[in-house]
Amino acid sequence: MTSGSPVGLIDNGAENPVVSLVERYGDAVVSIETESQVTSPWSRQDEMFWWFFGQPFPDTNRKVQGLGSGFIISKDGYVLTNNHVISGASTVIVRVQGRKETFTARVIGTDAQLDLAVLKIDSETDYPVVPLGDSSKIQVGDWAVAIGNPYGLDHTVTLGVISAKGRPLTINGQQFTDLLQTDASINPGNSGGPLLNLKGEVIGINTAVSTEGQGLGFAIPINTAKEVLEQLINKGKVSRPWLGVSVSDITEELAAYLQTDITEGAIIRQVVENSPAQKAGLRAGDIILGIDGQKVSGAEDVTTIISKSAVGKKIEIKILRNGRARTVTATLGEK
């Protein structure tokens, strides 16, 4: 018996599952190179130079290159990656392992909120594909394998475990609420690459490395991407239902101020003008008690129920207004 293997102890001569999955699915992990045009304003040094020669020049355009990773999810060339990998790019080049030619990718769909993007590369032959797993089945302590192109080092493989689930994190001002945390090394250039289980199934999309602690990386659960993948491919974006209210929890102090015994529900603080909520007759100060037969205990329930509904759906909202219960009907719009 030998120690240190990713499945605990493996008999001598047994095949290493990491080697097996890399050999089988590694070619489906791609390198993404981007080029963006950036306008650079004059610098003080430029001003001195231009003054000396007596002629000022306009702002200059320069090319900025970026690197990232992605993985092929269909034989005809759909690629899943992070939105921030390709955001703002004028050209997106994809390199496929084992092929000499490069592919100019088309951006099919993007969603900045989830940090997801779908690209398309074309070829006369089928591409290698990596299967999508089920991130809901992951347990803390499960082994995880990251494949990507950190610092431009093509097809780097790192191994670790899932060290936490459901991590909230703010990245460049963007809030994530349900990330996978892993100690498999994730570095710049890994973004958009797959995090796999030992079966070779994608369980997450590598998206960030912690700047506050060493050895901590984060990935978007693959189920998050699977929920919106069809919309990204067919619509180019994710359609999100919108009611148009801001709500708060009912606190004891607020209940006392409102002179009500209600301790559960969500009070409407603001109704957006011309929103579905305003058209339905909702007002600031209304207390939402339920939506479509589902009880509302707090503000988070409102967000959750609405987000799981569909654009254009009519919903019944049970409210309390001036001590009287009533029901209004709203047709959800698109955010």
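The values are calculated or read from the model by the stated rules, or taken from the named source; none is laboratory data. Note that the structure is a prediction, hence the values are computed from the model and not measured. No Cβ is skipped: glycine too gets one built from the backbone with ideal geometry, and neighbour counts run over all protein chains shown. These area figures cover heavy atoms from the full protein model, side chains too; ligands, DNA and RNA do not enter into them. Shrake-Rupley method; radii C 1.70, N 1.55, O 1.52, S 1.80 Å.
Assorted remarks:
- Subset of the stretch 275-298 that is among the charged types (D, E, K, R) and out of contact with any Leu (no Cβ under 8 Å at 6 or more places or on another chain) - its residue that is most open to solvent (accessible area, probe 1.4 Å): LYS279
- Contact map, the stretch 311-332: residues that are more than 20 Å from THR263 (Cβ to Cβ) paired with residues that are surrounded by 12 or more Cβ atoms within 10 Å (Cβ to Cβ) and basic (Lys, Arg), Cβ distance under 6 Å, separation 6+ or inter-chain. Pairs shown: THR327/LYS318; THR329/LYS314; THR331/LYS314; LEU332/LYS313.
- Among residues of the stretch 215-230 that are under 17 Å from ALA310 (Cα atoms), those with a Cβ under 9 angstrom from a residue that is open to solvent by 40 Å² or more (accessible area, probe 1.4 Å) and part of a strand (DSSP E or B), sequence gap 6+ or separate chain, pair up as THR224/ASP178; LYS226/LEU132; LEU229/TYR78; LEU229/LEU132.
- Any hit, the stretch 248-267, residues being in a strand (DSSP E or B), free of Cβ contacts under 8 Å to residues at least 24 places away in the same chain, under 28 Å from VAL311 (Cβ atoms) and open to solvent by less than 50 Å² (accessible area, probe 1.4 Å): yes
- Checking each residue in the stretch 225-263 for being charged (D, E, K, R) and modelled with pLDDT of 90 or more picks out LYS226, GLU227, GLU230, LYS235, LYS237, ARG240, ASP249.
- Look at (1) surrounded by fewer than 20 Cβ atoms within 10 Å (Cβ to Cβ); (2) within 21 Å of ILE222 (Cβ to Cβ) and you find that ASP126 fails only one, number (2).
- Among residues that are among the aliphatic types (A, V, I, L, M) and over 20 Å from VAL29 (Cβ atoms), VAL247 is included.
- Each residue in the stretch 134-163 was checked for being crowded, with 17+ Cβ neighbours inside 10 Å, within 14 Å of SER191 (Cα to Cα) and among the small types (Gly, Ala, Ser), and 2 of them qualify.
- Restricting the stretch 71-91 to residues that are β-branched (Val, Ile, Thr) and in contact with a Phe, Trp or Tyr (Cβ under 9 Å, 6 or more places away or on another chain), the residue that is surrounded by the most Cβ atoms within 10 Å (Cβ to Cβ): THR81
- Complete set of residues in the stretch 99-118 that are in a strand (DSSP E or B), open to solvent by 50 Å² or more (accessible area, probe 1.4 Å) and farther than 14 Å from GLY192 by Cβ: THR102, THR104, ARG106
- Among residues of the stretch 152-172 being outside any strand (DSSP E or B), in contact (Cβ under 8 Å) with a residue 40 or more places away in the chain and out of contact with any helix residue (DSSP H, G or I) (no Cβ under 9 Å at 6 or more places or on another chain), the one that is nearest to GLU201 (Cα to Cα) is ASP154.
- Test: residue in the stretch 188-204 that is assigned to a loop (DSSP other than H, G, I, E, B), at pLDDT below 85, in contact with a helix residue (DSSP H, G or I) (Cβ under 9 Å, 6 or more places away or on another chain) and open to solvent by 50 Å² or more (accessible area, probe 1.4 Å): yes
- Residue match in the stretch 309-323 (condition: modelled with pLDDT of 95 or more, surrounded by fewer than 18 Cβ atoms within 10 Å (Cβ to Cβ) and not in a loop (DSSP other than H, G, I, E, B)): yes
- Apart from one condition, LEU289 fits all of (1) assigned to a strand (DSSP E or B); (2) of a type in the set (A, V, I, L, M); (3) in contact with a helix residue (DSSP H, G or I) (Cβ under 9 Å, 6 or more places away or on another chain); the exception is (3).
- Scanning the stretch 164-187 for residues that are of a type in the set (Gly, Ala, Ser), over 24 Å from GLN65 (Cβ atoms) and buried (at least 18 other Cβ atoms within 10 Å of the Cβ) turns up just one, ALA184.
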